[in-house]
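The values are calculated or read from the model by the stated rules, or taken from the named source; none is laboratory data. These numbers were taken from a predicted model, which means no experiment stands behind them. Here the Cβ is made from the backbone with ideal geometry for all residues, glycine too, and neighbour counts use every protein chain on show.
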Amino acid sequence: MRRSMLFLPGNTPNMLINGSRLGSDALIFDLEDAVSPAEKDSARVLVRNTLKYMDLGSCEIIVRINSIDTDYWKKDIDAILPYSPALILLPKTSCAQDALIADEYMTEVEQKLGLEQGKVKLMPLIETALGVENAFSIATATKRVAALFLGAEDLTADLRCKRTKGGAEINYARTRLVMAARAANIDVYDTPFTDVNDDEGIRVDAEYAKALGFTGKASISPRHVEVINEVFSPSERDIAYAYEVMEAIRIAKEQGRGVISLHNKMIDAPIVARAQQTIAMAEEMGIRRG
């Protein structure tokens with residue numbers, strides 16, 4: 001389960017070591033935007049050593065490497081891949097070829113070091129207009145691609161428009177990425193809400209992202225993690241209804257009925273699928289019926 005993903009700068013040892021205590025389902029150790037060119041090498045060593053020596057519990061680890069148009073990205077993969085982060089976040093992915101280049105080099109490193117093939121997945125970060133338009137081809141470029149991630153700050157710069165709290169300027173990109181990811185049967189994650197002091201704004205933004213179909217949402221502030229987790233978790237009412245649906249299905253099968261209704265509403269395949277998804281998430285969170 002990956003409702004929330006929290007960015008942590010790769011050059012901040014205290015945050016890397018203590019990040020698993022911040023409540024996020026996943027941590028993104030950032031070697032790209034958060035790290036100046038002069039600190040790239042030291043940050044890479046710090047992130048590598050954190051993965052190698054620290055027990056981060058059940059918190060999933062993602063590493064944002066530098067983009068493939070830099071001199072850093074292969075060094076990032078060389079250092080990080082042997083310690084098996086769950087995902088490599090690939091910035092500025094604009095076409096399927098970008099994902100393929102990263103995949104091919106990761107495979108080369110795995111073969112050279114005798115690592116399990118394809119264990120570490122890719123999450124392309126879509127933050128250009130070209131990337132948005134190529135979203136489906138990126139999502140299906142290689143089996144290593146496990147999710148798409150929208151990066152709105154760089155995207156709006158590329159679009160030459162202002163980034164706003166309301167987010168009207170990224171509506172098309174949001175829906176395009178959700179459609180592409182769901183068509184490819186992979187996850188999709190929303191861009192961070194950047195006003196760390198706006199508690200109401202993050203809730204509204206997260207609820208809107210969930211309504212569009214995003215799997216979860218990234219954050220640049222630990223302050224936002226709790227709200228994101230809450231929004232992207234099923235409510236008690238959702239869970240109770242899901243169990244009612246599955247019970248109605250069970251009873252109907254026992255009675256040989258093909259037509260099923262609950263609370264005067266027909267129960268069809270999409271409702272059953274949503275109920276199954278809700279129950280699966282609830283059980284992953286440790287919530288059991290009764």
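Just a yes or no: is a residue in segment 163-177 modelled with pLDDT of 95 or more, in the same structural domain as residue 20 (by TED's automatic domain parsing), part of a strand (DSSP E or B) and surrounded by 16 or more Cβ atoms within 10 Å (Cβ to Cβ)? Looking for residues that are modelled with pLDDT of 95 or more, in the same structural domain as residue 20 (by TED's automatic domain parsing), part of a strand (DSSP E or B) and surrounded by 16 or more Cβ atoms within 10 Å (Cβ to Cβ), one finds none in segment 163-177, hence no. When 197, 264 are screened for being surrounded by fewer than 14 Cβ atoms within 10 Å (Cβ to Cβ) and at pLDDT 90 or above, only 197 passes.
Of all the numbered requirements in (1) acidic (Asp, Glu); (2) surrounded by 20 or more Cβ atoms within 10 Å (Cβ to Cβ); (3) over 28 Å from residue 183 (Cα atoms), residue 78 misses one, and that requirement is (2). May I ask you to verify whether residue 242 is within 25 Å of residue 128 (Cβ to Cβ) and aliphatic (A, V, I, L, M)? It is false that residue 242 is within 25 Å of residue 128 (Cβ to Cβ) and aliphatic (A, V, I, L, M).
When residue 117 is tested against (1) buried (at least 17 other Cβ atoms within 10 Å of the Cβ); (2) closer than 24 Å to residue 86 by Cα; (3) out of contact with any Ser or Thr (no Cβ under 6 Å at 6 or more places or on another chain), only condition (1) is not met.
Using beta carbons and a limit of 6 Å, which pairs, at least six apart or on different chains, have the first residue in segment 133-149 and touching a residue at least 24 places away in the same chain (Cβ under 8 Å) and closer than 12 Å to residue 120 by Cα and the second one part of a helix (DSSP H, G or I) and of a type in the set (D, E, K, R)? Correct list of pairs: 144/103. Checked against the criterion of being surrounded by 23 or more Cβ atoms within 10 Å (Cβ to Cβ) and either closer than 20 Å to residue 216 by Cβ or in contact (Cβ under 8 Å) with a residue 40 or more places away in the chain (or both), the candidates 21, 64 yield just one match: 64.
If you go through segment 202-220 one residue at a time, do you hit one that is surrounded by fewer than 16 Cβ atoms within 10 Å (Cβ to Cβ), outside the structural domain of residue 137 (by TED's automatic domain parsing), within 26 Å of residue 20 (Cα to Cα) and not polar (S, T, N, Q)? So far as segment 202-220 goes, no, none of its residues is surrounded by fewer than 16 Cβ atoms within 10 Å (Cβ to Cβ), outside the structural domain of residue 137 (by TED's automatic domain parsing), within 26 Å of residue 20 (Cα to Cα) and not polar (S, T, N, Q). Among residues of segment 42-58 that are assigned by TED's automatic domain parsing to the domain that holds residue 20, those with a Cβ under 6 angstrom from a residue that is not in a helix (DSSP H, G or I) and not aliphatic (A, V, I, L, M), sequence gap 6+ or separate chain, pair up as 43/10; 43/11; 47/10; 47/29. All of 62, 101, 68 fail the test of being β-branched (Val, Ile, Thr) and assigned to a strand (DSSP E or B), apart from 62.
If you go through segment 179-189 and pick out every residue that is crowded, with 21+ Cβ neighbours inside 10 Å and out of contact with any Asp or Glu (no Cβ under 8 Å at 6 or more places or on another chain), you end up with 3. The condition of being at pLDDT 95 or above, under 17 Å from residue 281 (Cβ atoms) and assigned to a strand (DSSP E or B) holds for only one of 217, 210, that being 217.
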